[in-house]
Amino acid sequence: MLSKQSRQIHDAEFSLVRNDPFYRLQRRIGLIPANGDGFKRRAIVYALVAWLPLVITSWLAGTVVESAGIAEPLLGHIGIHVRCLVAIPLLILAEGLAQRTTPLFMHEFRRTGLISEAQTPQFEQVLANMLWLRKQALPWIIIIGLVVTWTAAFLLTPNRDEIQWAGSENRSLAFGAWWFLLVTRPIFSVLLLAWIWRLLLLGILLFRIARLPLQLVAMHPDRFAGLGFLDRIPLIYSPFIFAVSAVMAGAWAHSVFYHAVPVPSLYVQMATLLIVLVAVGLAPLLVFTPMLLQAKKKALLDYGVLLARHGRAVDARWIAQQDVPDYPMLNAPELGPVADIQALYQSVASMRPVIINKSIIAKIVLPAALPLLVLVATQWPLKSTLSKLLFTLL
C-alpha cells in the first residue's frame, strides 16, 4: 500500500538536492533564501570565505607573489586557487543544474509511456523511497566524520609544501595555514562528499527504476528502446567531474612549475584519473544494460518469427502462386511491403544494450579531460608553435 507521501510526488518537485539535511541547514542560517535556492549567492559566499582570507594573510606576510626568499608564493599554488575559485562554485552551481535536469528525465518516464498506468504506483514508491533516503541524517554524519578525520590528520602531519606560502616559521602554523586547513579544505571536502552521496542516490534511483517492468520499444529510433532521453543525466554531474579533474590538474601544475616534475611522468596518474572519472560518469547509465540486453534478445526472436511468417505468406502468394485469401499480415498497413518489415527487424538488430552515444561521451569525457589537456599544453613550445602556424598560413 502506498504512503500518502508517494501519491503526492510530482515530477516538477523531484530533486536530488532540495530539503536534504545540508540544504535545510543552509536555509536555517540564511544562506538559502526562503523563496529560491540562492545558488549564485552561495557560490560567491563559499568561494570568498575559502579564498579571500588566504589572500589577505598572504599579502600581509608578503608571500602572494614570488620574491627574494619566497620560493613558493600563494600565486604559485594553482591547486588552491582552482579549489576555491573554480571547484567550490561549480559544486554549488551544479545543484541548480540538477534541480532543472532531474525532473525532466523523471517526467519522460511517464510521458513516453515507459511507465504504464498500472506501474505508476510502483514508480512512485521508488521515488518516495529515494526522497526518504535523501532526508536521512546518517550519510551526512558520515560525511562530517570523514571531514573531521581528514582535517585532524592534516593538522597532525601537515604538508609543509602546501602551506609554505602562509609564512609559517619553524613548526608553528601561521593564520593563513590554519584557515586553509580548518576552513578552506573542509568546505571543499564537504561539497565533494555531498556530491558523491548524491551520485550514489542517483545510482540507487536508476537501479530501482531499471528493475521495474518498463514498456520498452525495441524498434525505437533512439536505439535505446525509448531510453535515449537519459543522455541528459551526465549533465547533472559534469560539473563535479570537471571540478575533481581541475583540482588535481592544478595540484600537478604546481609540482611541474615549482618542483620540476616532468609532465610525462604524470601521464599514468592522469590516465588513471580519467578512467575513474569516466567510469563514475557512465556507471549510473549501466544499470539499464541487463534490461536492454534482455529486451533486445526477446525482440530479435519475436521479430524474427514475425518476419518469417510474413516472408512465407509473400512467397506463397507471389512465388508459389497460391491463393492466400484475406491473410491479415499481408495487408497490415503498419507492416507494409517486405522492405518495410525488414527495416523493422534491422532497427531491432541495431538496438544498443549500453546507453552510450556521442552526446553522453562528450558530457563525461570533455569535463574530465579538459583540465588535464591544459596542463599538458603548458609544455608545448607556444612561441615556436605559433610561429610555425603563422609561417604556414602566410
## Note on the structure
Phi angles of segment 16-26, converted by Karplus (6.51 cos²θ - 1.76 cosθ + 1.60, θ = phi - 60°) into ³J(HN,Hα) in whole Hz with x for Gly and Pro, give 7, 10, 4, 6, 7, x, 5, 4, 5, 5, 5
### Task
Round to a whole angstrom and tell me the spacing of the C-alpha centers of segment 212-262 and segment 271-314.
21
### Message
I'd like the distance separating the alpha-carbon centroids of segment 75-142 and segment 38-67, in whole Å.
### Response
29
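Using per-residue counts of other Cβ atoms within 10 Å, averaged over each peptide, order 202-214, 292-304 from highest down. Write down the numbers at each step before the final one.
Values: 202-214: 17.7, 292-304: 15.8.
Highest-to-lowest ranking by the protection proxy: 202-214, 292-304.
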### Summary
Spelling it out for S116: with amide H atoms placed in the peptide plane at 1.01 Å from N, the residues 5 or more places away or on another chain with amide H under 5 Å from its amide H are Q215
### Query
So what are the ³J(HN,Hα) numbers for segment 228-244, from phi and the Karplus equation (6.51, -1.76, 1.60; θ = phi - 60°), rounded to whole Hz, Gly and Pro as x?
x, 5, 6, 5, 7, 4, x, 4, 5, 10, 4, x, 4, 4, 5, 4, 5
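FYI, it's all coordinate maths here, none of it is from the lab. Keep in mind that what you see is a predicted model, and the values were worked out from it rather than measured. Cβ coordinates were reconstructed from backbone atoms using ideal geometry, including for glycine residues, and neighbour counts include every protein chain displayed.
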